[in-house]
Every structure is written in structure tokens, then in C-alpha cells.
Amino acid sequence: MLQESNTFSPVYTRYDDFTPVFGKAVLERHRGKLTEMGGFLDILDSTEAVEVAPVCAAWAITANRLLAPDFARLLAEFESGLRKARPDALLLAMHGAQTAEGEDDVEGRVLTIARAVLGPDKPIVLSLDLHANITERMVANATAIVGYHTYPHVDMFEVGQKSARLMLRILSGDCKPTMAMRKLPLIIPAENAQTYRGPMAKLIQAAQALEASGKAEAVSIFPVQPWMDIAEMGCAVVAVTNNNARAAQKHADTLAARLWKTKKEYEVKLHSVQDALSEAEKIEGGPVVLAESSDSTGSGSPGDSTGVLKHLVKAKLSGPAAIFLVDPAAVAQAFEAGVGATAKMSIGGAFDKKNSKPVPVKAYVRLLSDGRWTARARGYNTGITTAMGRAAVLEVGLVQILVAERSSMTVDPALFESHGIDPVYCKIVVVKSPNGFRAAYEPIAKGIFLVDTPGVSTANFARLPFKRIPRPIYPLDAATPAPEDLRV
Ligand SMILES: [Zn+2]
């Protein structure tokens with residue numbers, strides 16, 4: 001049951017957004033795929049020592065809380081599947097920053113249920129996204145927690161393998177896991193938290209060195225995703241050692257202190273859209289990528305912002321541009337008009353009416369589709385086909401607008417390619433992502449600009465209406481002191 005939440009999003013999550021499958025269908029979806037569960041299966045399938053009992057596989061794109069009845073239904077289905085499986089051990093792949101109506105900590109709740117079914121002694125290994133918000137309840141109920149080491153996230157499969165290997169070591173008696181967490185009054189903007197360069201890369205390398213030396217089983221840095229207004233919010237480091245609780249705490253504290261010391265290095269520089277577009281024209285060729293992170297669909301924004309679109313349709317472009325937007329009404333209009341027709345319509349501002357206004361355009365309807373596409377780039381759902389409702393490609397001059405009824409990740413060029421748009425031949429490609437897009441787009445981009453538009457996943461935290469997070473917290477409170485017992 002895997003989803004990241006954004007508690008500022010105008011769009012709530014429903015049961016169907018998870019497209020859940022149960023029992024054997026789980027294996028069909030994930031076996032041979034580059035997901036955490038694909039990684040679990042890769043290791044478990046290679047040994048005769050265990051029998052796999054698949055319970056549930058459910059993934060939803062980031063949005064606001066899962067509705068209460070839908071959450072109750074998913075929980076009940078998970079619990080009954082788990083009871084039927086009567087497992088000796090449980091591997092769980094979750095995000096770590098999922099919320100539901102009335103529940104700030106979905107993972108903690110799921111773990112509590114799992115712990116009640118399994119009893120106090122059977123192992124539960126939990127794999128989490130690097131943006132997880134670690135809670136006391138997760139640490140208390142999981143035997144071991146294993147986080148991604150990459151951002152952009154490209155190591156889901158390896159994290160699944162690592163979790164399954166650790167589980168086999170626990171079951172064989174080779175490892176008696178001891179786990180410790182260090183929480184920090186800190187949130188880190190996603191835009192500068194790459195794990196292949198900069199301060200986060202050094203921290204991840206330190207974590208990996210502890211693992212490689214055998215001093216730790218798993219060390220995970222969780223710089224948290226910033227768009228959750230909940231009480232237990234903040235960055236964390238979690239360390240799992242083999243039967244050495246003091247060492248686990250020491251590793252977690254040491255790396256947390258290093259994260260705290262480098263916190264200023266994550267500050268983000270954003271460009272105005274007009275500046276980015278005129279700078280892009282000075283660059284020879286394309287694509288030049290404009291990252292509209294304030295409307296990042298992977299960060300829970302609705303994907304309906306016209307902050308870039310309104311400038312794009314007026315700009316003097318030297319080549320084609322591509323942008324994705326969620327707008328069910330525009331899709332319906334395109335289907336009504338039909339392929340080859342030109343229609344007057346308004347695009348965008350469909351959900352987040354506070355931050356965006358619709359843009360009136362005269363659009364040529366180039367393509368209509370059922371909105372299904374298969375992710376190819378290493379990252380989210382690689383090899384898995386997801387659905388974004390019906391979709392249409394609309395042309396306004398040189399601007400190709402892919403509109404869909406529902407949200408979709410935009411980090412993979414396969415999104416556009418599946419709809420007849422090749423980003424390689426575009427002058428401008430707009431992605432709705434703070435950093436995840438870099439995995440597939442940095443190798444082909446001639447330039448990258450992070451643009452400043454209003455939205456519910458803005459890097460400008462001061463613009464977000466936080467009410468419940470613990471204060472002081474950095475960077476909202478510049479003078480936030482380090483935790484008293486942490487030696488920095
Ligand atoms: Zn993430």
C-alpha cells in the first residue's frame with residue numbers, strides 16, 4: 001500500500017486510485033519488474049527455504065489524504081489477507097509519508113495491525129521511500145526499516161532485494177536486528193537533495209560505508225517530503241545493526257548531526273518563467289527542461305497549474321514545446337470535438353483554483369487516447385502500465401499539451417512518447433517534478449531551469465499554510481536550535 005501524501009492538495013485520494021490487487025495477482029503485477037516487490041520476489045524466488053504468500057499490492061499517485069471509508073476498506077482487506085496467509089515473517093513496501101482522513105501515519109497504523117496479527121516476535125521488514133516521515137510507531141512496530149539510497153529514486157528494486165536478504169538473515173538467525181532513530185526539527189527542499197552530488201551524496205556514501213563495513217545492516221537517511229502539515233513532521237536517520245543497540249543509536253546520531261550541519265546547503269534558487277524561457281532561447285538546440293516543482297504530480301500537486309502554460313502559449317518559440325496538465329473538462333471537450341478538429345477551450349486551473357486560472361486557447365486536437373502508458377525509465381513503476389483516465393494531445397501553435405483526466409508522474413519521457421511526442425525533438429519540455437525528472441532528463445537536456453510558480457508543492461515553504469508541524473523547525477524558523485542531546 002504505497003502512496004506519498006500532500007496535505008495541502010485540493011485533490012483527495014480514493015480507493016480506486018490505488019488499483020489494488022490481492023493474492024496471486026500481486027505476483028503477476030510485480031514479478032520481474034523493477035519495483036520493491038519485484039526485488040523481494042527476486043530474492044525469495046531464488047531460495048527453496050521460503051514460501052511466498054502475496055497479500056496486497058496497491059500504488060497511488062501523490063495527493064491529499066485517503067478518504068476515511070476507502071482507508072478502512074483497504075486496511076480491512078490487507079488485514080484479512082494477512083490473517084489468511086498466517087505468515088512467519090512479513091515484508092512490507094510502503095512510502096512512509098502516507099496519510100488518510102483521521103490518520104497522520106498510515107504506515108504506523110498498518111504496522112500496528114500487522115504486529116497484532118504476527119505477534120511480538122515474528123520479523124517485519126519495512127522498505128520506505130527516502131522521503132518518508134519516520135514516526136515512533138513505525139520504529140516500535142517494525143523489526144527493521146530500509147530506505148531508498150537514491151534521489152531521483154532509481155533503486156527501488158535493489159532496496160527490495162536488500163530488505164528480502166535482511167529478512168532471510170533474520171529468519172536464519174544470522175542477524176538479530178537492533179534499530180535506532182534520530183529525528184531532527186528540519187525539512188529539506190526536494191530540489192537540491194540529489195544523492196549523486198552535493199551534501200546528500202556525501203551522507204548517503206557515509207551510510208553505505210557503514211553497511212559495507214558490516215558495522216550496520218541498513219542505514220537510511222530520510223530528508224522527508226516537505227508538504228505534510230502533521231504533528232510528527234521532520235527529517236530522520238534510521239540505523240539497523242546486528243544485536244548492538246548502542247551502535248545503532250550512534251550511527252543514527254552521527255549522520256543526523258552531519259545532516260543538521262549542512263542544512264543551509266539545500267537552499268533552492270528558482271527562476272521566473274519568463275527568464276527561463278528567454279534563457280532557453282539563448283541555448284542552442286533542445287530540449288531545455290523547465291521544472292515546475294510547485295505543481296509536481298509526484299509531490300501531491302494536482303498537475304493543473306497554468307503558471308508555465310500561460311507564458312508558454314504566448315512565447316516566441318524556436319521549436320516545439322511539450323507540457324502535461326490534468327484537466328478532465330478539457331479532455332471531454334477534445335473528445336467531443338474529435339481528432340482533427342480545432343476547438344476553443346480553457347485549459348488548467350481545474351482543481352487548485354487558488355493558485356491557477358484557466359488559460360483560454362484555440363487548440364487543434366491531434367490525438368485521443370485511453371491514457372494508459374508503461375513506464376520505461378528506472379524509477380516509479382518501471383515496466384508497469386498505469387492509467388491516467390482518458391487523455392488528449394492538443395496543439396496550440398508549437399505548444400503540445402498532453403491533457404489527462406487524472407494525474408500521472410511526469411519524470412519519465414515515456415509519458416510523452418506514448419502520446420506521439422518525442423522530448424528529444426522538443427525545444428522546451430515542462431516537467432512537474434522537483435528532482436525525480438533528472439534521472440531520465442539530465443542525460444538529454446541542454447539546460448534545466450527550476451521555475452517559480454505558486455502551488456501546493458512549492459519549494460518556497462513560507463508560502464504554505466503550515467499549522468500543525470512542530471515549531472521551531474528549520475528553515476521556517478531560521479534560529480531553530482539542534483536537539484539538545486545531539487552533539488553537532
Ligand atoms: Zn520520494
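The values are calculated or read from the model by the stated rules, or taken from the named source; none is laboratory data. Just so you know, these numbers come straight off a predicted model, no measurement behind them. Positions of Cβ are generated from backbone atoms using ideal geometry, with glycine treated the same way; all protein chains shown enter the neighbour counts.
Of note:
- Residue count for segment 30-43 under the criterion of being closer than 22 Å to Val106 by Cβ and surrounded by fewer than 20 Cβ atoms within 10 Å (Cβ to Cβ): the result is 0.
- Candidate set from segment 44-94 (those that are among the acidic types (Asp, Glu) and exposed (fewer than 15 other Cβ atoms within 10 Å of the Cβ)); member that is farthest from the ligand (Cβ to nearest atom): Glu48
- Complete set of residues in segment 409-468 that are of a type in the set (Ser, Thr, Tyr) and farther than 22 Å from Pro10 by Cβ: Ser418, Tyr425, Tyr441
- The strands (runs of 3 or more DSSP E) found entirely in segment 114-184 that carry 3 or more residues being within 16 Å of the ligand (Cβ to nearest atom) and buried (at least 23 other Cβ atoms within 10 Å of the Cβ) are 124-128, 144-147.
- Among residues of segment 423-455, those that are farther than 19 Å from Val313 by Cα and either within 16 Å of the ligand (Cβ to nearest atom) or part of a loop (DSSP other than H, G, I, E, B) (or both), counted: 14
- Scanning segment 204-236 for residues that are under 17 Å from Asp253 (Cα atoms), of a type in the set (A, V, I, L, M) and more than 16 Å from the ligand (Cβ to nearest atom) yields Ala206, Ala207, Ala209, Leu210, Ala216, Ala218, Val219.
- Checking every residue in segment 246-256 against the condition of being farther than 29 Å from Ile204 by Cα, surrounded by fewer than 24 Cβ atoms within 10 Å (Cβ to Cβ) and over 27 Å from the mean Cα position of the chain (by Cα) gives zero matches.
- Pair list, Cβ under 7 Å, 6 or more apart: segment 137-164 residue farther than 17 Å from Gln205 by Cα, other residue within 16 Å of the ligand (Cβ to nearest atom) and charged (D, E, K, R): Met138/Glu107; Met156/Glu36; Gly160/Glu36
- Summed over segment 148-163, residues that are touching a Leu at 6+ places or on another chain (Cβ under 8 Å) and hydrophobic (A, V, I, L, M, F, W, C) total 2.
- The set of residues in segment 5-25 being within 16 Å of Thr458 (Cβ to Cβ) and touching a helix residue (DSSP H, G or I) at 6+ places or on another chain (Cβ under 8 Å) consists of Asn6 alone.
- Number of residues in segment 86-116 that are at positive phi and over 20 Å from the mean Cα position of the chain (by Cα): the value is 2.
- One residue stands out in segment 95-113 among those that are within 20 Å of Pro226 (Cβ to Cβ) and of a type in the set (S, T, N, Q): the one that is nearest to the ligand (Cβ to nearest atom), namely Gln98.
- Residues located in segment 95-107, provided they are within 23 Å of Glu217 (Cα to Cα) and either surrounded by fewer than 24 Cβ atoms within 10 Å (Cβ to Cβ) or of a type in the set (S, T, N, Q) (or both): His95
- Some residue of segment 188-203 being within 16 Å of the ligand (Cβ to nearest atom), in a loop (DSSP other than H, G, I, E, B) and β-branched (Val, Ile, Thr): yes
- The set of residues in segment 378-428 that are of a type in the set (Ser, Thr, Tyr) and either at positive phi or at pLDDT 95 or above (or both) comprises Ser407, Ser408, Thr410, Ser418, Tyr425.
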